[in-house]
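Visitor: The structure's right below; bear with me while I get my questions together.
The values are calculated or read from the model by the stated rules, or taken from the named source; none is laboratory data. Computed from a predicted model, the values in this text were never measured in an experiment. Neighbour counts run over all protein chains shown; Cβ positions are idealised from the backbone, glycine included.
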Amino acid sequence: MTLIKSISGIRGTIGGSTSDNLTPIDAVKFAAAYGTWLKNHSQKNDLTVVIGRDARLSGEMIQNLVVSTLVGLGIDVIDLGLSTTPTVEIAVPLKKADGGIILTASHNPKQWNALKLLNEKGEFLNADAGAKILGLAENEDFDFAKVDDLGSISKNDTFIDKHIEEVLDLKLVEAQTIRKGGFKVVVDGVNSTGGIAIPKLLRTLGVEVVELYCEPTGHFPHNPEPLKEHLGDICKKVVEENADFGIVVDPDVDRLAFISNDGEMFGEEYTLVACADYVLGKTPGSTVSNLSSSRALRDVTEKHGCTYEAAAVGEVNVVTKMKAINAIIGGEGNGGIIYPESHYGRDALVGTALFLMLLCERGGTVAELRASYPAYFMSKKKIQLTPDLNVDGLLQAMHEKYKDEEVSTIDGVKIDFPDNWVHLRKSNTEPIIRIYTEAKSQAEADNLADRIISEIEEIAGL
């Protein structure tokens with residue numbers, strides 16, 4: 001069992017001993033640390049926090065603990081109940097709240113849960129804020145409210161509908177155009193809140209929906225990470241139903257993957273590519289993804305005569321870069337679409353609407369659309385090192401070895417070769433170097449990864 005503390009929140013498995021797992025005591029301690037930071041940060045007397053959760057089995061228990069802790073600090077809570085990560089992100093500024101918490105372990109299996117922490121803009125906290133919260137939790141430096149100053153709880157289950165209204169109000173989303181498309185779509189909501197939000201959005205847009213695992217019971221029918229090896233049921237269902245395509249989301253609905261009409265994966269990496277292709281065709285501008293995302297976004301961006309830039313891995317890093325260059329769209333290769341016209345957070349509802357608009361514009365099948373994009377293949381491997389080895393030194397040696405290539409060191413070492421690339425990142429918790437490669441065939445990507453592993457082992461004397 002595991003408890004992971006980071007600047008973006010706390011994540012762990014339910015049950016077991018405190019400080020090693022996400023127990024009720026740990027949930028209360030970190031909720032108190034967040035609330036205390038919020039009081040210090042805002043310098044306001046009356047604070048409000050928006051809270052929502054995915055459908056996982058431990059969600060109601062963790063939510064009750066977190067809500068009561070904030071109330072005990074004198075903070076008012078707006079309880080959205082079952083919701084999505086992007087819905088909570090949108091609700092925070094709409095309600096003029098001071099922060100937000102999403103109770104979800106994202107793509108992790110059902111035994112996991114987490115507290116994802118937001119600022120007053122509905123965006124994930126930066127490193128400085130996260131570090132302060134971790135320090136408060138460690139020291140248990142809390143000052144709870146007296147009985148007359150306790151916070152209040154108000155329930156509001158309307159925000160998924162408001163989220164859908166926000167999507168339909170986007171300038172590049174034309175509901176009438178989509179309604180004329182006559183689409184039929186299979187949705188795998190992994191028995192979480194995507195099974196509420198995505199079908200409701202689609203039906204509002206006149207799309208015929210075939211629901212698969214859309215009951216928000218929290219009993220995930222398969223591993224909830226939307227990868228090919230977990231999605232055999234929807235791939236089969238799309239073909240059986242003669243659907244135009246399939247939609248898969250993770251439990252908190254910030255990752256989006258498509259299944260083509262032929263039952264094949266469209267590819268999580270290509271979710272952002274397709275949405276950016278549509279947006280750039282209407283509103284030219286810069287794009288951003290992280291260093292481990294597909295080169296296809298760069299290619300499509302340059303096809304539109306625009307510029308692409310890469311950010312360090314992590315949503316907050318992508319958002320920071322997007323703001324710095326005023327990017328029109330960005331995200332991560334795991335199916336995360338960040339469209340600033342809506343908000344600075346990964347949003348599967350926004351991505352779904354933009355993708356439908358692209359299909360209306362292009363015509364043809366989803367499989368044909370996928371074939372129109374540059375074909376790249378990824379390999380993701382890791383190399384286990386002994387604890388005494390200097391990982392930073394090994395990365396520096398690889399940088400030096402390939403100094404004549406295009407190299408980025410903003411997050412590990414990424415080496416861009418003319419026809420492929422490799423990204424080397426060290427783990428923060430164990431002596432491991434993660435090795436991501438991309439090339440024009442799977443064999444080439446795998447061979448490049450194996451070659452780099454051999455070179456690292458040679459330098460390390462392994």
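Visitor: Of everything in segment 402-448 that's closer than 17 Å to residue 383 by Cβ and among the small types (Gly, Ala, Ser), which residue is surrounded by the fewest Cβ atoms within 10 Å (Cβ to Cβ)?
Guide: Ranking the qualifying residues of segment 402-448, first place goes to 427.
Visitor: Kindly indicate whether residue 253 is in contact with a helix residue (DSSP H, G or I) (Cβ under 7 Å, 6 or more places away or on another chain), touching a residue at least 12 places away in the same chain (Cβ under 8 Å), in a loop (DSSP other than H, G, I, E, B) and β-branched (Val, Ile, Thr).
Guide: In short, yes.
Visitor: Tell me, which residue of segment 214-244 that is crowded, with 23+ Cβ neighbours inside 10 Å and not aliphatic (A, V, I, L, M) is farthest from residue 359 (Cα to Cα)?
Guide: 224
Visitor: Evaluate the following for residue 117: is it touching a residue at least 40 places away in the same chain (Cβ under 8 Å) and either within 25 Å of the chain's Cα centre (by Cα) or within 19 Å of residue 88 (Cβ to Cβ) (or both)?
Guide: Against the criterion (touching a residue at least 40 places away in the same chain (Cβ under 8 Å) and either within 25 Å of the chain's Cα centre (by Cα) or within 19 Å of residue 88 (Cβ to Cβ) (or both)), residue 117 qualifies.
Visitor: Does residue 269 satisfy being at pLDDT 95 or above and either of a type in the set (A, V, I, L, M, F, W, C) or in the same structural domain as residue 297 (by TED's automatic domain parsing) (or both)?
Guide: no
Visitor: What are the residues in segment 4-37 that are of a type in the set (Asp, Glu) and surrounded by 20 or more Cβ atoms within 10 Å (Cβ to Cβ), if any?
Guide: Correct list: 26 only.
Visitor: Here is a follow-up. Output the residue which, of all residues in segment 182-239 that are among the hydrophobic types (A, V, I, L, M, F, W, C), more than 22 Å from residue 333 (Cβ to Cβ) and part of a loop (DSSP other than H, G, I, E, B), is nearest to the chain's Cα centre (by Cα).
Guide: Checked segment 182-239; the qualifying residue nearest to the chain's Cα centre (by Cα) is 220.
Visitor: Among the residues of segment 340-358, which ones are in contact with a strand residue (DSSP E or B) (Cβ under 9 Å, 6 or more places away or on another chain) and among the small types (Gly, Ala, Ser)?
Guide: 345, 348, 351 - these are the residues of segment 340-358 that are in contact with a strand residue (DSSP E or B) (Cβ under 9 Å, 6 or more places away or on another chain) and among the small types (Gly, Ala, Ser).
Visitor: From the set of residues in segment 451-462 that are out of contact with any helix residue (DSSP H, G or I) (no Cβ under 9 Å at 6 or more places or on another chain) and in contact (Cβ under 8 Å) with a residue 40 or more places away in the chain, which is surrounded by the fewest Cβ atoms within 10 Å (Cβ to Cβ)?
Guide: Here the residue is 457.
Visitor: I've got another one for you. Would you mention how many residues in segment 144-177 are polar (S, T, N, Q) and either surrounded by 15 or more Cβ atoms within 10 Å (Cβ to Cβ) or assigned to a loop (DSSP other than H, G, I, E, B) (or both)?
Guide: Final tally of qualifying residues: 3.
Visitor: Quick test of your reading of the structure: residue 40 fulfils all but one of (1) surrounded by fewer than 21 Cβ atoms within 10 Å (Cβ to Cβ); (2) within 21 Å of the chain's Cα centre (by Cα). Name the failing condition by number.
Guide: (2)
Visitor: Still on this structure, I have one more. Residues in segment 307-327 that are out of contact with any Ser or Thr (no Cβ under 6 Å at 6 or more places or on another chain) and not in a helix (DSSP H, G or I): how many?
Guide: Residues flagged as out of contact with any Ser or Thr (no Cβ under 6 Å at 6 or more places or on another chain) and not in a helix (DSSP H, G or I) within segment 307-327 amount to 6.
Visitor: Just to be sure I understand, how many residues within segment 144-184 are within 22 Å of residue 81 (Cβ to Cβ), in contact with an Asp or Glu (Cβ under 7 Å, 6 or more places away or on another chain) and of a type in the set (A, V, I, L, M)?
Guide: Qualifying residue count for the region: 1.
Visitor: Working only within segment 381-426, note down all residues that are among the polar types (S, T, N, Q), under 16 Å from residue 460 (Cβ atoms) and either touching a residue at least 40 places away in the same chain (Cβ under 8 Å) or assigned to a strand (DSSP E or B) (or both).
Guide: Hits for segment 381-426 are 384, 386.
Visitor: Please give the number of the condition residue 388 fails out of (1) outside the structural domain of residue 448 (by TED's automatic domain parsing); (2) more than 18 Å from residue 270 (Cα to Cα).
Guide: Of everything listed in (1) outside the structural domain of residue 448 (by TED's automatic domain parsing); (2) more than 18 Å from residue 270 (Cα to Cα), residue 388 misses just condition (1).
Visitor: Moving on to the next point. For residues in segment 99-143 being more than 27 Å from residue 82 (Cα to Cα) and of a type in the set (D, E, K, R), which is surrounded by the most Cβ atoms within 10 Å (Cβ to Cβ)?
Guide: 132
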